[in-house]
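Have a look at the structure below, then the notes.
The values are calculated or read from the model by the stated rules, or taken from the named source; none is laboratory data. Note that the structure is a prediction, hence the values are computed from the model and not measured. Please note: Cβ atoms are built from the backbone with ideal geometry, for glycine as well, and neighbour counts cover all protein chains shown. Note: areas computed on protein heavy atoms with side chains; ligands, DNA, RNA excluded. Shrake-Rupley method; radii C 1.70, N 1.55, O 1.52, S 1.80 Å.
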Amino acid sequence: MALINSQAIPEGGLIAVKSVLASTTNTFNNGGNEFILIENSSEATVVITVTALTTSVESPLYGDLEKNNATLSIAPGETGTIGTFPVSAYNGTDGIVTFTLTAITGVKIAILYIG
């Protein structure tokens, strides 16, 4: 498991540096504005799952609410994005979010935010 550094997208734009992953489980620091760019150059569909740590809340206005993990399937040869991730639902006490991929061969990712 690795902590992936986030990259700010400035007004002038960014050529994102995409990382090759060594593990199917990884983390990143989340301020609530981050999203994940996933490039799948493999021959199989890859599914990314971002784990929600707070999965239910009781709202006086709406009653009991459920929060699911965020998931996205990326077909071979496709690029996708997933996020942003509300701090109250996805962050651990350390401000870190965990995500998993079904495979890492042929997959590159970047954690991005508007900076």
Amide proton proximity set for residue 9, modelled H, under 5 Å, gap of 5+: 113, 114, 115
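Would you please put 61-73, 96-108, 22-34 in order of how densely packed they are, using the mean number of other Cβ atoms within 10 angstrom per residue and starting with the highest?
Top of the packing list down: 96-108, 22-34, 61-73.
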Percent RCO, i.e. relative contact order, over the chain, from Cα pairs under 8 Å lying at least 6 residues apart: 45 percent
Under Karplus coefficients 6.51, -1.76 and 1.60, residue-wise ³J(HN,Hα) of the range 15-22 in Hz, glycine/proline x: 8, 5, 8, 8, 9, 8, 9, 9
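How much area per residue is accessible in the chain when the probe is 1.4 Å and only protein heavy atoms are counted (Å²)?
With all protein chains present, the chain gives 57 Å² per residue.
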Listed values [x] 14.8, 48; [y] 16.4, 48; [z] 13.6, 41, entry calculated as Rg and Dmax of the Cα atoms in Å: [x]
Centre separation in Å (Cα based) which lies between the range 35-114 and the range 11-29: 13 Å
Charge dipole of the chain about the Cα centre (unit charges at C-beta), most positive-ward option of 49, 105, 31: 105
